[in-house]
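Just below is one structure, and these are the notes that go with it.
The values are calculated or read from the model by the stated rules, or taken from the named source; none is laboratory data. In this text, all values refer to a predicted model and were calculated from it rather than measured experimentally. Heads up, the Cβs are rebuilt from the backbone with ideal geometry, glycines too, and the neighbour counts pull from every protein chain shown. The area values use the complete protein model at the heavy-atom level, side chains included, leaving out ligands, DNA and RNA. Shrake-Rupley method; radii C 1.70, N 1.55, O 1.52, S 1.80 Å.
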Amino acid sequence: MKRMIMYCLILLSTLVWLSRGHSSNPIVTTPSGAVKGSIMTSAQEKTIFAFRGIRYAEPPIGEWRFKPPRPVIPWNLTYDATKDGYACPQPSSWPTYEDCLFLNVYTTKLPRHGRNPKRPVLVYFHAGGFYSVDGTSKFAGPEYLLDQELVLVTLNYRLASLGFLSTGDSLAPGNNGLKDQVAAMRWIQVNIESFGGDPNSVTISGYSAGGMSVTLHMVSPMSKGLFHKAIAMSGSALAQWAIPDHQFHLAQRQARLVGCPDDTSLKIINCLKTKTAKELGDSLPGFSEYRSDPIIKWKPVIEKDFGQERFLVEDPVTAVRT
């Protein structure tokens with residue numbers, strides 16, 4: 001009798017759980033395709049629907065290394081978004097991979113029975129000096145923010161030479177890591193409503209390099225219309241440092257660190273494409289002059305016009321003044 005009562009209680013609990021729309025693997029259908037997620041728990045023990053490792057751009061590998069991101073191609077099968085995607089190459093004790101343009105979406109309420117909560121969306125750009133860290137749940141988890149009624153999006157973007165190589169010519173105008181962020185925001189505009197988010201209420205945020213990214217998006221023509229509010233913490237593009245129009249000297253240094261010729265852009269880029277992403281990522285310590293200085297190694301650049309879509313067309317101070 002006791003055993004039967006116990007079974008009945010378990011069955012009743014399961015039915016209540018399912019009736020509230022919970023499952024171990026929630027699935028949403030987006031314009032890009034169906035996505036399967038997982039369940040996490042907030043600090044106050046709210047159920048979080050987590051969709052991790054969603055590809056927002058095509059892999060920037062092979063001939064697409066050092067080039068702007070390409071929009072992701074929609075998929076036919078259900079996308080497995082139950083775990084974080086790879087971090088972008090950098091010296092680390094955790095796995096990294098060049099195919100790293102993934103984002104995570106977290107929410108506590110999904111659309112159901114034709115009703116969409118359309119909660120405000122918070123997009124987080126991670127710190128790390130544009131050469132380290134990532135947007136995975138290890139560094140940017142949802143446990144505290146998802147006690148609030150919002151949708152959180154965190155993301156990876158290319159780092160160091162893979163994301164910010166700038167030779168000052170058409171071969172590498174620069175800012176690909178920031179263009180990755182734009183690609184993610186464009187993906188959000190198309191897909192976030194499927195996760196219960198409001199594409200007309202998007203706040204971008206970040207600190208350190210992420211804060212600098214936020215202030216750059218505020219003046220970038222590529223970011224226009226993709227967000228509505230901004231929170232920049234401990235980092236700004238208006239700080240006391242010059243923003244160059246190229247970083248050819250860093251391209252030369254990267255070339256020397258991995259045994260490539262350093263005299264022309266073409267030779268540098270062609271040779272760097274033959275090196276593994278791990279070689280490039282692990283070469284980061286070679287850019288330091290003294291211990292960890294300079295702290296800021298790779299910077300955004302004011303892009304010269306070679307007919308490409310430009311992320312930054314003038315100095316941010318000038319843009320703000322005008």
Quiz item: Somewhere in segment 278-296, is a residue part of a loop (DSSP other than H, G, I, E, B), of a type in the set (S, T, N, Q) and within 24 Å of the chain's Cα centre (by Cα)?
Solution: yes
Practice problem: Report, by residue number, each residue of segment 51-108 that is within 22 Å of ILE27 (Cβ to Cβ), aliphatic (A, V, I, L, M), in contact (Cβ under 8 Å) with a residue 24 or more places away in the chain and open to solvent by 10 Å² or more (accessible area, probe 1.4 Å). | Solution: VAL72, LEU77
Quiz item: Restricting attention to segment 125-169, and to residues there that are assigned to a loop (DSSP other than H, G, I, E, B), over 24 Å from MET218 (Cα atoms) and not polar (S, T, N, Q), which single residue is least open to solvent (accessible area, probe 1.4 Å)?
Solution: PRO142
Self-check item: Output for segment 293-319, where each listed residue is open to solvent by less than 50 Å² (accessible area, probe 1.4 Å) and of a type in the set (Phe, Trp, Tyr)
Solution: TRP298, PHE311
Practice problem: Identify the residue in segment 170-187 that is of a type in the set (S, T, N, Q) and not in a helix (DSSP H, G or I) and, among all such residues, is farthest from the chain's Cα centre (by Cα). | Solution: SER170
Practice problem: For VAL202, indicate whether it is at pLDDT 95 or above, in contact with a strand residue (DSSP E or B) (Cβ under 6 Å, 6 or more places away or on another chain) and crowded, with 24+ Cβ neighbours inside 10 Å. | Solution: no
Exercise. Scan segment 246-260 and report the pairs whose first residue is of a type in the set (S, T, N, Q) and whose second residue is part of a helix (DSSP H, G or I) and crowded, with 20+ Cβ neighbours inside 10 Å, with Cβ atoms within less than 6 Å and a gap of 6+ or a chain change.
Key: GLN254/SER161
Quiz item: Taking the condition assigned to a loop (DSSP other than H, G, I, E, B), without any contact (Cβ under 8 Å) to a residue 60 or more places away in the chain and within 19 Å of the chain's Cα centre (by Cα), does GLY235 pass?
Solution: no
Quiz prompt | Selection status of GLY85, of a type outside the set (D, E, K, R), over 30 Å from GLU279 (Cβ atoms) and either modelled with pLDDT of 95 or more or assigned to a loop (DSSP other than H, G, I, E, B) (or both) | solution = no
Quiz prompt | Checklist (1) modelled with pLDDT of 95 or more; (2) under 19 Å from LEU159 (Cα atoms); (3) open to solvent by less than 70 Å² (accessible area, probe 1.4 Å) applied to ILE243, failing item | solution = (1)
Self-check item: Residue list for segment 111-124, filter: in contact with a strand residue (DSSP E or B) (Cβ under 6 Å, 6 or more places away or on another chain) and in a loop (DSSP other than H, G, I, E, B)
Solution: LYS118
Practice problem: Could you tell me whether segment 211-229 includes any residue that is open to solvent by less than 50 Å² (accessible area, probe 1.4 Å), farther than 17 Å from VAL320 by Cβ and either β-branched (Val, Ile, Thr) or in a strand (DSSP E or B) (or both)? | Solution: no
Exercise. Looking only at segment 247-267, decide whether some residue is surrounded by 13 or more Cβ atoms within 10 Å (Cβ to Cβ) and closer than 23 Å to PRO221 by Cα.
Key: yes
